[in-house]
1. On the basis of being open to solvent by less than 30 Å² (accessible area, probe 1.4 Å), assigned to a strand (DSSP E or B) and modelled with pLDDT of 85 or more, does Leu372 make the cut?
2. Among the residues of the range 376-415, how many are in a strand (DSSP E or B), in contact (Cβ under 8 Å) with a residue 24 or more places away in the chain and either farther than 30 Å from Tyr255 by Cα or not basic (Lys, Arg) (or both)?
3. Considering only the range 248-255, I want to know if a residue exists there that is over 26 Å from Asp82 (Cα atoms) and either open to solvent by 10 Å² or more (accessible area, probe 1.4 Å) or more than 37 Å from the chain's Cα centre (by Cα) (or both).
4. Whether any residue in the range 219-229 is among the hydroxyl-bearing types (Ser, Thr, Tyr) and farther than 23 Å from Pro399 by Cβ is what I want to check.
5. Pick from the range 350-369 the residues that are in contact with a helix residue (DSSP H, G or I) (Cβ under 7 Å, 6 or more places away or on another chain) and part of a helix (DSSP H, G or I): which of them is surrounded by the most Cβ atoms within 10 Å (Cβ to Cβ)?
6. Scan the range 117-138 for residues that are in a helix (DSSP H, G or I) and either touching an Asp or Glu at 6+ places or on another chain (Cβ under 8 Å) or over 20 Å from Asp107 (Cα atoms) (or both) and jot them down.
7. Please state which one of Asp87, Asp78, Asp60 is in contact (Cβ under 8 Å) with a residue 12 or more places away in the chain, more than 17 Å from Leu168 (Cβ to Cβ) and part of a helix (DSSP H, G or I).
8. Among the residues in the range 518-537, are any without any contact (Cβ under 8 Å) to a residue 40 or more places away in the chain and not in a helix (DSSP H, G or I)?
Amino acid sequence: MTGDSEARPAFGLRSFRAKFVLVVGGAVLFDLLMSGGLALWNVQRLSEDATSEVGAGLTDANQEYIRSYADSTASRVDLLLDRVHADVSSLAGVLQAQIDDPDRQKDVGAALASQAANSVQVTYNPQGGWAQNLPGASSVVSVWGYLLGPDHKPLPAVQEDIDNSAVLDLVAPSLLTTGSSKLQMYYIGPKEHPIFRTAPYTDQAQTFDRLYPGHNSSEFWEFFFPGVYGSWEQWAANPSSRVVKDDVITQTAPYTDAITGKLIVSFFHPLWTADRKGVAGAAGADITLDQLAEVVESVRIAESGFGFLTMSNGNVVAINPKGEATIGLVSSSDSAGEGVTGLERSLAKSTQPAIASLALDQDNDGVVQHILLREGDEDVPYIVVLKKLKPTNLWTSGPVEAQAMSLGIVVPEREIYASLFAAQESISKATDRILLYQLIAIVVSLLIVFAAVFGLSKRITAGLSALAGAARRLQNKDYSVRVNIPTRDEVGEVGVAFNRMAEEISYHTENLERLVDARTRDLESANKEISTLNDKLRDENVRLGAELEVAKHIQMMVLPKGSELEAVPGMEIAAYMRPADEVGGDYYDVLQDGRKLKIGIGDVTGHGLESGVLMLMVQSVARALQETGEANPLQFLDRLNRAIFKNLERTNSDKHLSLAFLDYEDERLVLSGQHEEVLVVRADGDVERIDTMDLGLPIGLEQDISPFVATRNIPFVSGDVVVLHTDGVTEAEGARGELFGLERLSKSAVRRHGASAEEIKDGIVEDLMAHIGTRKIHDDITLVVMRHR
């Protein structure tokens with residue numbers, strides 16, 4: 001840089017330096033005086049406001065924290081109970097399915113009896129007067145004296161119930177080891193023959209003799225749980241009388257378990273007769289109060305806060321020992337010498353008047369209550385929050401009632417507000433310190449500002465003057481100009497940046513054309529590479545499209561031809577298939593052997609190429625079995641499943657399919673396999689919906705499905721119509737997302753039941769497509785219509 005005199009101006013009133021000192025110094029001085037005075041006033045004002053606001057804020061925050069803590073703890077208790085409900089419902093679902101299908105119930109009972117005789121054979125005990133199976137079985141089954149005949153063997157109806165209930169040995173062990181922790185799971189028969197089957201095996205009857213004298217000659221339900229069975233019978237006769245509308249699981253009040261001696265809670269799920277007009281027994285499970293107590297006793301709030309769980313009648317079922325002493329609870333056993341023994345620990349009998357008068361109604365749900373508890377010679381303020389749990393069917397003694405347990409949180413006020421008192425004291429001390437420091441800072445700042453402004457003005461203005469001169473030379477296209485500013489402040493950084501800018505301007509001016517040519521060559525090379533990649537992608541898409549088209553063509557080739565369907569004597573058969581992708585996963589076929597006719601329909605999970613390959617496997621195996629003369633529907637489905645299962649196992653595929661067959665001969669259809677409901681439209685227009693869920697299992701899911709395969713005979717005479725479909729029909733979505741559904745399918749078929757099979761098929765497809773409209777079809781659609789001429 002050239003150092004001319006313009007870069008070093010004298011300190012005059014018109015110079016930039018003088019103006020800088022006057023303006024900056026005056027502004028800083030004014031700002032310091034104003035900000036200092038305002039700061040002193042604001043600190044005092046804020047101190048008073050902060051004390052008030054912090055007090056209110058901490059009070060609200062602490063109360064909201066207690067309410068949130070109560071909500072989360074209540075949710076944990078509800079979750080524990082919901083998991084037990086789910087396990088009991090699973091066991092009840094298996095037992096109810098047995099009751100609803102007597103034929104399968106007998107088959108399963110007979111199979112279990114032959115494989116595990118120790119589960120169904122009981123031995124008479126002369127001393128107790130009852131019969132019970134020997135140790136070694138998965139469950140213990142006890143038969144009371146009044147259920148035995150003169151030969152000391154179970155009466156026929158009782159033995160049948162013993163055989164049928166052996167299915168508990170298959171289900172209960174896995175339920176006991178999964179889900180929430182359970183003490184035991186069991187089945188109790190109806191009041192006519194209340195056998196008691198429990199898993200795991202224990203000396204059940206012997207323990208009952210020791211703890212409950214006289215039970216063996218008394219009616220079980222009324223002896224142990226008086227009133228509960230009558231409530232269930234009332235629910236069966238009048239479902240609207242249920243005390244909790246959407247729940248039938250009945251929970252007992254805590255009582256002492258006869259076998260373990262622990263405090264437990266029982267959960268019963270009533271079983272209904274097949275016509276749903278009576279009670280067929282109950283499935284049940286027991287959990288110990290230890291599990292509920294762990295959740296409640298884990299409450300940790302402040303130093304000595306605690307929680308408790310109480311029934312709606314005030315009986316506390318879970319609390320830690322310290323909390324029990326704090327709220328003055330008195331424990332006592334409630335035993336009438338008959339039935340189960342409960343635990344009485346009532347809030348109403350508390351030695352603390354504030355606890356004894358504590359209201360458990362809905363109005364206090366989640367409300368922070370302030371009470372006084374006596375500790376020694378003084379009354380100590382406490383905060384109490386009650387949170388109601390979900391309502392449940394509760395049996396204590398007598399009819400079942402709707403009750404909701406409540407979770408309580410108790411914490412001393414002195415602990416919850418300790419942070420408030422500390423904050424107020426800290427604010428007061430901090431205010432005094434701030435006032436003192438603020439005064440010192442103002443005085444020191446004034447001295448520093450005057451010295452700094454005067455000293456820095458010279459350094460700042462010198463650099464700015466140099467930059468101004470260099471900028472003028474650069475404007476005149478002197479690209480060799482450079483500045484030398486020795487300071488390391490922002491002005492020095494501007495000087496460095498200026499020098500770099502001058503160098504870059506000089507460089508780019510001299511080399512601009514060379515850079516443009518280089519960039520042009522780079523862009524041309526990149527464009528060629530992109531064009532090459534686009535060509536490769538286009539060729540790959542063409543190849544994949546061709547392969548999918550070949551697969552689709554092969555799939556459509558194996559479907560029944562129109563000439564085959566027209567050649568079936570006495571029948572009109574029409575079919576429609578539309579894949580969601582290029583290759584579908586739906587299956588249907590029509591196989592004829594003389595006067596015998598077999599129609600199959602199925603739906604592979606998912607759709608696409610892999611599902612289409614599985615569909616071709618099923619078609620090939622079914623055709624092969626038909627050609628070998630396999631006429632037994634049960635054997636046919638079992639052998640087909642074994643072949644498909646092994647193929648899927650070899651290919652490591654997780655696919656499977658629902659599959660059903662209709663065998664027709666002599667005006668009779670035999671339905672086998674699990675698939676969607678079959679619609680039968682009779683000649684007079686009546687519609688029958690036939691559920692196939694109990695006729696088999698999905699194909700390829702298990703190697704051996706023979707125990708689960710069943711058949712159903714359906715009369716099929718002149719004028720009758722059968723409609724088979726996959727879920728792509730009933731689950732097709734309309735413009736507002738509503739499903740086409742079985743009701744629309746039934747109405748569409750009934751409107752055309754007098755027409756030909758082809759006309760019925762076309763009409764249903766027309767209604768279906770009108771329902772879908774412009775929405776995307778997400779699943780394969782298959783429809784088969786068969787009409788008896």
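1. Working: open to solvent by less than 30 Å² (accessible area, probe 1.4 Å): no; assigned to a strand (DSSP E or B): yes; modelled with pLDDT of 85 or more: yes.
Considered against the rule, which asks whether it is open to solvent by less than 30 Å² (accessible area, probe 1.4 Å), assigned to a strand (DSSP E or B) and modelled with pLDDT of 85 or more, Leu372 comes out as no.
2. First pass over the range 376-415, keeping only residues in a strand (DSSP E or B): 378-388, 392-395, 401-403, 406-412.
Now restrict to residues that are in contact (Cβ under 8 Å) with a residue 24 or more places away in the chain: 380-388, 392-395, 401-403, 406-412.
Keeping just the survivors that are either farther than 30 Å from Tyr255 by Cα or not basic (Lys, Arg) (or both) gives 380-386, 392-395, 401-403, 406-412.
Adding up the residues that qualify gives 21.
3. Initial filter on the range 248-255 (over 26 Å from Asp82 (Cα atoms)): none.
No, that holds for no residue.
4. Taking the range 219-229 and keeping what is among the hydroxyl-bearing types (Ser, Thr, Tyr), we get 229.
Next cut, farther than 23 Å from Pro399 by Cβ only: none.
No, the range 219-229 contains no residue that is among the hydroxyl-bearing types (Ser, Thr, Tyr) and farther than 23 Å from Pro399 by Cβ.
5. Our first condition is that a residue be in contact with a helix residue (DSSP H, G or I) (Cβ under 7 Å, 6 or more places away or on another chain); within the range 350-369, this holds for 350, 355-356, 358, 366, 368.
Narrowing the set further to residues that are part of a helix (DSSP H, G or I) leaves 355-356.
Details: Ile355: 24, Ala356: 15.
The selected residue is Ile355.
6. Step one: list which residues in the range 117-138 are in a helix (DSSP H, G or I), which gives 117-119.
Of everything in the range 117-138, just one residue is in a helix (DSSP H, G or I) and either touching an Asp or Glu at 6+ places or on another chain (Cβ under 8 Å) or over 20 Å from Asp107 (Cα atoms) (or both), namely Ser119.
7. Details: Asp87 fails: more than 17 Å from Leu168 (Cβ to Cβ); Asp60 fails: in contact (Cβ under 8 Å) with a residue 12 or more places away in the chain.
Matching residue, one of Asp87, Asp78, Asp60: Asp78.
8. As a first pass, look at the range 518-537 and keep what is without any contact (Cβ under 8 Å) to a residue 40 or more places away in the chain: 518-537.
Filter once more, so that each one left must be not in a helix (DSSP H, G or I): none.
The answer is no; no qualifying residue exists.
The values are calculated or read from the model by the stated rules, or taken from the named source; none is laboratory data. What you are looking at is a predicted structure, and each value in this text was computed from that prediction instead of being measured. Note that each Cβ is placed from the backbone with ideal geometry, even for glycine, and that neighbours are counted across all protein chains shown. Areas reflect the complete protein model, heavy atoms only, side chains present, ligands, DNA and RNA absent. Shrake-Rupley method; radii C 1.70, N 1.55, O 1.52, S 1.80 Å.
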